[in-house]
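The structure appears below as C-alpha cells.
The values are calculated or read from the model by the stated rules, or taken from the named source; none is laboratory data. Just so we're clear, the structure is a prediction, and the values are computed from it rather than from any experiment. Here the Cβ positions follow ideal geometry from the backbone for every residue, glycine too, while neighbour counts run over all protein chains shown. Ligands, DNA and RNA are stripped out before the accessible areas are found, and what is left, the full protein with its side chains, is counted by its heavy atoms. Shrake-Rupley method; radii C 1.70, N 1.55, O 1.52, S 1.80 Å.
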Amino acid sequence: MIIYDAIIVGAGHNGLIAACYLAKAGLNVLVLERRHIIGGATVTEEVVPGFKFSRLAYVNSLFRPEIIHELRLKTYGFQLLPRNPSSFTPFPDGRYLLMGPDREITKREIAKFSKKDAEAFPRYEKMLEKLVAVIGPTLDQTPPDPLSFDIRSWLQLIKLGLRVRRLGKDFYRLAAMLTGPASAFLDEWFESEELKVTLATDAIIGAMASPSSQGTAYALFHHVMGETNGVRGVWAYVRGGMGALSDAIAAAARDMGVELRTECPVYEVVVEGESAQGVITEAGEEIRAGIVLSNADPKVTFTKLVPRNKLPKDFARRINSLDFSSATFKLNLALSELPDFKALPGKEPGPQHRGTIHISPTLDWIENAYEDARRGYPSRRPVLECTIPSVLDDSLAPPGQHVMNIFVQYAPYKLAKGNWDDEKEIFADRCIDLLDEFAPGFRASVIAKDPISPLDLEREFSLTGGNIFHGAMTPHQLYFQRPLGGWARYRTPIKGLYLCGAGAHPGGGVIGACGRNAAREVIQDRLW
C-alpha cells in the first residue's frame, strides 16, 4: 500500500493549486477526482462535436496573479485574452451602452444617457480602487479569529483596522458596500437606469437575491477586485476555454510529482479517533494519508464524506444551517453565425460581440425575474449574461461558427411545480427566444445547446443546491465566518482534515486563493 503525505478530494482549480503548493513543500500528494476530467467547475468540454464550451466558469479576472507567477502557469500554456470593450448592453428602444476598459470611450458612452453620470464614473472607479486597497490583501490571508488569543490574528485585525482608518469618510461607503443592497449603493452615485442596470448584474451573479437585497453590494464589489495582465478590473477569456487554466495547473502539479486520478470518487474520509487517516473510494480502495484536503463544498464534505458520529453535534448543526440558496442556470450554445443585434447591427465580429452581453434593460426587469424565482418559478423574463469567446479565440469552434456561454438568472433549485429534468429544455428555449427579440434571427443560428439546470449543477458537479460559490456569498458567510465562525482558518474539527475549496475564505469565483491559503496552513501545521 502506498501511503501519501496528503490526499486532496476533488480536482477543481483550488484543489489542484493546493496540490502544487504542498508538492513544492516536499509532500507526496494524491488528487482524486470523481469526474472523467479535471477542473471541477473550471473545465472546457466538447459536448457538441467541433465546439468547445467553458461549461460553467466562463471568464477570468479574479484569479490571483501571484499564483500565475509562482506556478509558472504561462509556461504551461495559460494565456489570457483581454476583452475590449468589456460589456455591451442593448436596450429595447434601439440604444446601447458599451463599457470598458478604455476610460474615454466609457465616459463618452455613459454620456449618451447622463452627462452627470459620465463625470461621476471616474470618481466611482477611484473610490472602488481605494476600497480594494483595504479589502484586497485579505484575499491572500488566512482569516483572523477575533476570539482567539493568537497574536497573529490580532496583528492582522490591527493592520486591517489601520487600512480602514486611512479611508477617512470613505469608511462609511465601505460599511455600506459590505452590508447593504447594490441598488442603494448605485443610487448614491448615478441617475441613469441604463448605467445602473449594467453595473447591477455583477451584484446578483450566483445569488438568490436581487439588487435591492441586503448584502448584494458586496457581491458587486467582489467582482471588481480582479485584474488581467496587471490591469485592474479587466475581465478576460482564457485561450482554449476555462479548462485550459485547470490543465495548466495540472501540468505544473504533475511536474512536481503530484499524482492525479480521474473517475475515482471518494466515498468516505477515514477518521480514526479524532484524526483523518486517509480516504475510502467508492470502488472500496482504502488510501492512507495523515492529511486530507477537501475541495468539495462544506455541506458535501461534512454530511457525505465525514462520518456523522465523528463531528461535534453543534458543528454538524451549524453546517446543516448554512445558506446554499442559488438560482443559477448555464446555457452553452453552438452557433452558425454571430447574433445581429437591432441596437448595433452586424454579423461580422464587432464591439457588441467581444465582451459580456447584458440582456436585462431595467432594474425592474431584474426585480421581476427575481420575484418569479422567489415564488419557485423560473423567471418569465430571465436575466442573461452572454459571452462569445470564439470571437477572440478561434480554437473553440469551426471556422465562421461560434460558441456562446449564457449565465442565466433566475432558476430556483426548488421548483413550485414540476422538476428540472422536464423544465430545463423549456427554460433554455425561453432564453433563446429572449435573445431573438434583441437579435432577430438568433434562434435560427442555434446549432445545438447544452442546458445545465441547478439540479444538474448538483448532480454532475457536486454543487449543493446548485450554488456555484460553495455557499452564499452573503456577509454572514464571509471572511472569519466562512464557512463558520470559529472554523474559518481552513482547519476542521477533524485533525488533519482541511477545507481548500470555495466554501472557505475568500469564497467563490475562479480565484485560486482558497487552495493556496489552505496549503500554506497545512505546511505551517507540519512545521509546528
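Counting the residues of segment 94-122 that are at pLDDT below 95, of a type in the set (D, E, K, R) and not in a helix (DSSP H, G or I) gives 1.
From the list ALA248, ALA175, ALA217, the lone residue that is surrounded by 24 or more Cβ atoms within 10 Å (Cβ to Cβ) and either without any contact (Cβ under 8 Å) to a residue 60 or more places away in the chain or not in a helix (DSSP H, G or I) (or both) is ALA217. Before we move on, is LEU155 farther than 26 Å from TRP235 by Cα and either aliphatic (A, V, I, L, M) or not in a loop (DSSP other than H, G, I, E, B) (or both)? Yes, satisfied. Restricting attention to segment 58-71, the residues that are in a loop (DSSP other than H, G, I, E, B), of a type in the set (A, V, I, L, M) and open to solvent by less than 20 Å² (accessible area, probe 1.4 Å) add up to 2. Candidates MET256, MET242, MET225: the one that is of a type in the set (A, V, I, L, M), surrounded by 23 or more Cβ atoms within 10 Å (Cβ to Cβ) and either within 26 Å of LEU478 (Cβ to Cβ) or in contact (Cβ under 8 Å) with a residue 24 or more places away in the chain (or both) is MET242. Residues in segment 139-156 that are without any contact (Cβ under 8 Å) to a residue 60 or more places away in the chain and loosely packed, with under 15 Cβ neighbours inside 10 Å: SER148, PHE149, ASP150, ILE151, ARG152, TRP154, LEU155.
Would it be correct to say that ASN368 is touching a Phe, Trp or Tyr at 6+ places or on another chain (Cβ under 6 Å) and either assigned to a loop (DSSP other than H, G, I, E, B) or closer than 22 Å to SER453 by Cβ (or both)? So ASN368 fails the test. If the condition is being aliphatic (A, V, I, L, M), open to solvent by less than 50 Å² (accessible area, probe 1.4 Å) and more than 14 Å from ARG375 (Cβ to Cβ), then segment 407-427 contributes only VAL408.
Where residues in segment 178-195 are free of Cβ contacts under 8 Å to residues at least 60 places away in the same chain and aliphatic (A, V, I, L, M), which of them is farthest from ALA209 (Cα to Cα)?
We begin by selecting, within segment 178-195, every residue free of Cβ contacts under 8 Å to residues at least 60 places away in the same chain; these are 180-182, 184-188.
Those left that are additionally aliphatic (A, V, I, L, M): 182, 184, 186.
Details: ALA182: 10, ALA184: 14, LEU186: 16 Å.
Only one residue tops the list, namely LEU186.
When you scan segment 94-138, how many residues do you find that are over 30 Å from HIS505 (Cα atoms), in contact (Cβ under 8 Å) with a residue 60 or more places away in the chain and open to solvent by 60 Å² or more (accessible area, probe 1.4 Å)? The qualifying residues number 2. The set of residues in segment 428-464 being open to solvent by less than 10 Å² (accessible area, probe 1.4 Å), of a type outside the set (Ser, Thr, Tyr) and either over 21 Å from GLY39 (Cβ atoms) or touching a Gly at 6+ places or on another chain (Cβ under 7 Å) (or both) consists of ALA428, CYS431, ILE432, LEU434, LEU435, ALA439, PHE442, PRO454, LEU457. Within segment 391-413, the residues that satisfy the criterion of being under 19 Å from PHE442 (Cβ atoms) and more than 21 Å from the chain's Cα centre (by Cα) are VAL391, LEU396, ALA397, PRO398, GLY400, GLN401, HIS402. So, in segment 445-480, exactly how many residues are out of contact with any Asp or Glu (no Cβ under 8 Å at 6 or more places or on another chain) and within 26 Å of LEU527 (Cα to Cα)? Going through segment 445-480 one residue at a time, the tally reaches 1.
Could you tell me which of the residues LEU335, LEU322 is closer than 22 Å to MET473 by Cβ and out of contact with any Leu (no Cβ under 7 Å at 6 or more places or on another chain)? I'd like the intermediate steps shown before the answer.
Values: LEU335 fails: closer than 22 Å to MET473 by Cβ.
Of the residues listed, the single one that is closer than 22 Å to MET473 by Cβ and out of contact with any Leu (no Cβ under 7 Å at 6 or more places or on another chain) is LEU322.
Taken over segment 10-45, residues that are under 29 Å from ILE447 (Cβ atoms), more than 21 Å from the chain's Cα centre (by Cα) and assigned to a strand (DSSP E or B) amount to 0. Determine whether segment 312-320 contains at least one residue that is within 30 Å of VAL43 (Cα to Cα) and either open to solvent by less than 10 Å² (accessible area, probe 1.4 Å) or not acidic (Asp, Glu) (or both). Yes: one or more hits.
Output the residue which, of all residues in segment 178-190 that are modelled with pLDDT of 90 or more and either outside any helix (DSSP H, G or I) or among the aliphatic types (A, V, I, L, M) (or both), is nearest to ARG123 (Cα to Cα). Break it down stepwise before answering.
First, the residues of segment 178-190 that are modelled with pLDDT of 90 or more: 180-190.
Still in the running and either outside any helix (DSSP H, G or I) or among the aliphatic types (A, V, I, L, M) (or both): 180-182, 184, 186, 190.
Numbers: GLY180: 20, PRO181: 20, ALA182: 17, ALA184: 17, LEU186: 13, PHE190: 11 Å.
Residue satisfying both the conditions and the ranking: PHE190.
In summary, TYR498 fulfils each of the numbered conditions (1) in a loop (DSSP other than H, G, I, E, B); (2) touching a Lys or Arg at 6+ places or on another chain (Cβ under 9 Å); (3) aromatic (Phe, Trp, Tyr) with the single exception of condition (1).
Which one of these is open to solvent by 40 Å² or more (accessible area, probe 1.4 Å) and closer than 14 Å to GLY257 by Cα: LYS24, LYS52? It is LYS24. Among the residues of segment 178-192, those that are open to solvent by 30 Å² or more (accessible area, probe 1.4 Å) and in contact with a Phe, Trp or Tyr (Cβ under 8 Å, 6 or more places away or on another chain) comprise LEU178, THR179, TRP189.
Okay, residues lined up against (1) basic (Lys, Arg); (2) surrounded by 24 or more Cβ atoms within 10 Å (Cβ to Cβ); (3) at pLDDT below 95:
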| site | (1), (2), (3) |
| --- | --- |
| THR474 | no, no, yes |
| PRO483 | no, yes, no |
| LYS495 | yes, no, no |
| PRO506 | no, yes, no |
| ALA513 | no, yes, no |
| ALA519 | no, yes, no |
| LEU527 | no, no, yes |
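Which residue is farthest from the chain's Cα centre (by Cα), if the candidates are limited to segment 72-83 and must be in a loop (DSSP other than H, G, I, E, B) and under 18 Å from GLY241 (Cα atoms)? Reasoning before the result, please.
The first filter runs over segment 72-83 and keeps only residues in a loop (DSSP other than H, G, I, E, B), leaving 72, 77-79, 83.
Okay, now just the ones that are also under 18 Å from GLY241 (Cα atoms), so 77-79, 83.
Details: GLY77: 22, PHE78: 19, GLN79: 19, ARG83: 18 Å.
Filtering segment 72-83 for residues that are in a loop (DSSP other than H, G, I, E, B) and under 18 Å from GLY241 (Cα atoms), the one farthest from the chain's Cα centre (by Cα) comes out as GLY77.
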